[in-house]
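No value in this document is a laboratory result; all are computed from the given coordinates. In this text the structure is predicted, and so the values were computed from the model without any measurement. Neighbour counts run over all protein chains shown; Cβ positions are idealised from the backbone, glycine included.
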Amino acid sequence: MTTLTASRQRYLPIIATFALLVGAYGFGAAQYEAFASGQVVLNILIDNAFLLVVAIGMTFVILTGGIDLSVGAVVALSTLVSARLLAAGVSPLVVLVLVLVIGGTLGLGMGAVIHYFELQPFIVTLAGMFLARGLCYTISVESISITDGFFTTMAQTPVSLPGGMHVSTSVVIAVIVLAVAAYVLHFTRLGRTVYAIGGSEQSAMLMGLPVARTKITVYAISGLCSALGGVLLAFYTLSGNALHAVGMELDAIAAVVIGGTILTGGTGYVLGTVLGVLVLGIIQTLITFDGTLSSWWTKIVIGALLFVFIVLQRLVSRRAR
Amino acid sequence: MIKHRLFWPTAALIVLLLGNFIAHPAFFSVELREGHLYGSLIDILRFGAPLIMVALGMTLVIATGGIDLSVGSVVAISGAIACLHLSGLENQDSLGGTAGAVGIALGLSIVLGACNGVLVSVLNIQPIIATLILMVAGRGLAQLITDGQIITVNSSPYQAIGGGFVLTLPVSILIAVAVFVLASLLVRKSALGMLLEAVGGNPEASRLAGVRSRRLIWLTYVVCGLCAGIAGLMISSNVSSADGNNAGLWIELDAILAVVIGGTALTGGRFSFAGTVIGALLIQTLSTTVYTLGIPPQTTLLFKAVVVMAVCLVQSPAFRRKLVRRRKPKPVTRARQDEKVEVSA
């Protein structure tokens with residue numbers, strides 16, 4: 001019986017998020033006629049596909065009890081590297097591979113430093129953030145637009161869905177990433193080790209799980225997801241800019257937390273992160289639809305939501321104990 | 001001497017200053033103009049004063065094993081509310097009105113710090129996350145106060161906080177020095193400092209030993225908020241305007257960097273105000289150097305990344321152990337010498 005209530009409580013944050021999402025959508029639909037159309041929901045996905053991919057990477061890191069502050073900077077670096085190389089006439093496929101390699105390597109490096117030198121993830125990824133932003137500025141301080149055929153096709157080709165609705169290719173990529181992430185987390189050894197490390201790193205090590213490899217892999221995954229998020233952002237904006245995605249790490253962390261992943265690690269679902277991203281997106285859309293509220297209300301509402309969900313997590317974990 | 005914990009930050013600062021001197025022999029010249037001191041060194045101190053203030057507050061928080069990410073937002077809010085109050089006054093030059101604006105701004109900063117403190121000490125939320133809330137929402141609040149505009153004020157007493165001079169010295173430096181001296185005296189001449197280090201070293205043990213760790217932790221966040229508020233006043237008064245969007249952007253990172261460079265461990269339990277001040281000056285000198293040497297200012301971030309990593313690695317026991325182990329195959333006498341050097345590093 002106790003295990004049953006404990007597992008039910010584990011779902012409580014995610015259920016709360018879902019209720020919030022439905023409530024916000026219902027409120028919007030009741031308030032504005034156009035809001036009820038399915039395309040509005042899809043537009044939220046289109047506008048936030050890159051955030052979703054980045055937040056999925058962040059979920060892996062937070063599940064192990066770490067944090068990655070470098071994601072926003074890596075996203076910006078990826079857009080800029082793509083734009084610069086494409087402008088120089090490099091083939092788009094080579095650019096894509098190179099960008100992903102850069103992101104993955106940065107994450108790998110940070111993970112190695114965190115694990116082998118026992119430094120706090122917070123400070124190491126902070127240094128990574130400085131490094132990536134610094135590299136951005138050395139590449140170019142100005143925005144570079146992307147005119148490459150492949151990128152513009154990817155950006156402008158809609159994927160039709162039944163009912164006359166459509167999504168962008170970015171959304172399709174994001175959904176594929178989501179499926180892969182969910183599979184890895186729940187059906188592979190790597191995924192189970194991620195949860196084990198988040199539960200207790202020491203126990204995981206004593207159980208003979210590959211803690212070092214997994215911890216480093218997790219940061220590499222986050223770096224890779226950030227790089228891919230950067231590519232999607234490049235599709236979305238068709239430009240590379242050192243000022244892209246400033247403060248995005250906070251949005252990603254907020255999405256993961258609102259999605260019910262516990263910050264000390266060990267508990268959470270990547271599907272929750274999707275709900276978190278959708279909640280952030282729907283708040284933005286509601287504020288846009290309202291028209292009288294200024295954009296800074298988004299930040300205040302997100303801050304307030306973060307507060308509510310963190311306190312909720314606190315209460316849940318205290319009662320579960 | 002090489003073993004002193006302030007040796008390396010101080011050495012780095014001196015090297016940086018000497019580098020500037022070699023590149024620009026006029027770098028060290030300080031002249032008296034219209035009764036004010038002018039010169040690159042004075043500029044470093046003046047522009048570094050807000051960072052010193054924020055970093056001093058951050059030192060206290062980090063000493064207890066916490067962190068405060070919201071200082072940048074508090075900087076913006078404090079400047080915004082002060083300018084809003086001033087801009088509504090009929091006579092902006094009145095001393096009473098300015099004092100009111102300063103009082104409101106500092107009061108609000110204390111309240112914000114107290115909120116952070118409650119989240120961390122009463123609700124036991126991780127400090128990074130607890131202060132992240134205010135970091136996100138605070139920017140929004142600052143923009144709400146300024147209505148998304150840049151509020152400009154025209155008040156000479158207010159301008160004096162960040163841009164004025166008393167006895168040939170900039171007021172902002174005097175404020176920073178006063179806070180530094182006051183904090184150092186309070187912490188080192190009373191049991192407060194020891195209690196803080198006890199809480200940072202092992203909160204549970206210190207609680208069992210009878211230290212009221214909760215109240216102490218709460219207090220550090222309040223002081224940190226207050227320091228950030230003062231810094232916000234300095235920054236906004238220096239330009240006589242409040243920008244909710246950009247004031248104090250990234251200052252939390254610079255402050256954490258200054259604290260780490262100054263030898264305060266991020267895990268808590270050991271702290272040094274003097275080290276923090278040297279760290280803050282080092283960061284400010286770095287920014288100034290980049291400008292005076294004509295290096296593109298964008299590379300400052302790269303420098304900072306390298307400095308953070310180097311300092312953290314030197315402080316990491318695991319890194320030192322690995323370095324020492326690698327050197328073991330050498331003859332015994334050599335190894336012992338090497339070990340000494342490593343420990344001091």
All-pairs Cα distance distribution in region B:147-259, expressed in whole percent, bin size 5 Å: 2, 10, 14, 17, 17, 13, 10, 8, 5, 3, 0
Prolate/oblate/rounded label for region A:154-209 (Cα gyration tensor, a/c 1.5): prolate
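With 10 angstrom as the radius, rank B:Ile22, B:Ile133, A:Ile14 by how many other C-beta atoms surround their C-beta, starting from the fewest.
Values: B:Ile22 9, B:Ile133 29, A:Ile14 20.
Ordered from fewest to most neighbouring Cβ atoms within 10 Å, B:Ile22, B:Ile133, A:Ile14 come out as B:Ile22, A:Ile14, B:Ile133.
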Amide H contacts of B:Ser272 (H built 1.01 Å from N, under 5 Å, at least 5 apart or other chain): B:Thr264
The protein assembly as shown - charge dipole about Cα centre, Lys and Arg +1 at Cβ, Asp and Glu -1, debye rounded to 20: 3020
Environment charge of A:Leu135, counting only residues whose C-beta is closer than 14 Å and scoring Lys/Arg +1, Asp/Glu -1: +3
For region A:90-187: rounded, prolate or oblate by the Cα gyration tensor [a/c cutoff 1.5]: oblate
Degrees between helix B:95-117 axis and first principal axis of chain B (Cα, 0 to 90, nearest 10): 40
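222 nm [θ] for chain B, helices only, -39500 (n - 2.57) per DSSP H run of 4+, per residue, to 500?
Working: 15 runs with 241 residues, N = 345.
Result for chain B: -23000 deg cm²/dmol, rounded to the nearest 500.
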Bins of 5 Å from zero: percent of alpha-carbon pairs in region A:156-311: 2, 7, 13, 18, 19, 17, 12, 7, 4, 2, 0, 0
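Taking neighbour Cβ counts within 10 Å as the exposure measure, how do B:Ile251, A:Ile62 sort from fewest upward? Let's see the in-between values first.
Details: B:Ile251 25, A:Ile62 29.
Listing B:Ile251, A:Ile62 from fewest to most nearby Cβ atoms yields B:Ile251, A:Ile62.
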Size of charge dipole - region B:39-295 - debye, nearest 20, with Cβ of Lys, Arg +1 and Asp, Glu -1, no other charges: 780
Integer Hz, Karplus 6.51/-1.76/1.60 couplings in order for region A:25-32, x for Gly and Pro: 5, x, 4, x, 5, 6, 7, 10
Estimated vicinal HN-Hα couplings, Hz - region B:56-71 in sequence order (Karplus 6.51, -1.76, 1.60; Gly, Pro = x): 5, x, 4, 4, 4, 5, 5, 4, 8, x, x, 7, 10, 7, 8, 4
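Eigenvalues of the Cα gyration tensor times 5, then square-rooted: what semi-axes does that give for region B:39-295, in whole angstrom, largest first?
Numbers: eigenvalues 173, 90, 54 Å².
Value: 29, 21, 16 Å, ordered largest first.
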Exposure proxy ranking, count of Cβ atoms within 10 Å, fewest first, for A:Ser140, B:Ser109: A:Ser140, B:Ser109
Distance between region A:229-250 and region B:198-214 - C-alpha centres, whole angstrom: 45
Centroid-to-centroid separation of region B:42-82 and region B:127-164 [C-alpha atoms, Å]: 12
Overall Cα dimensions of region A:199-271 - principal axes, largest extent first, Å: 48, 26, 20
For B:Phe165, residues with placed amide H under 5 Å, excluding near neighbours: B:Val171
Under 5 Å, built H, 5+ apart or other chain: amide partners of A:His166: A:Leu161
Local electrostatic count, A:Tyr183, Cβ distance below 14 Å [Lys/Arg +1, Asp/Glu -1]: +2
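Per residue and in Å³, how big is the convex hull formed by the alpha-carbon atoms of chain A? Could the numbers behind the result be given before it?
Working: hull volume 47.1 nm³, N = 321.
So the per-residue Cα hull volume is 147 Å³.
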Tally of Lys pairs whose C-alpha atoms are under 23 Å apart, taken over chain B, 8 or more apart or cross-chain: 7
Karplus-derived 3J(HN,Hα), 6.51/-1.76/1.60, for each residue of region B:36-52, Hz, glycine and proline x: 10, 7, 10, x, 4, 4, 5, 4, 4, 5, 5, 6, x, 4, x, 5, 4
Positive-pole candidate from B:Ala55, B:Gly140, B:Gly117, dipole of region B:39-295, charges at beta carbon: B:Gly117
Tensor-based shape of the protein assembly as shown (alpha-carbon gyration tensor, a/c under 1.5 rounded, otherwise prolate or oblate): rounded
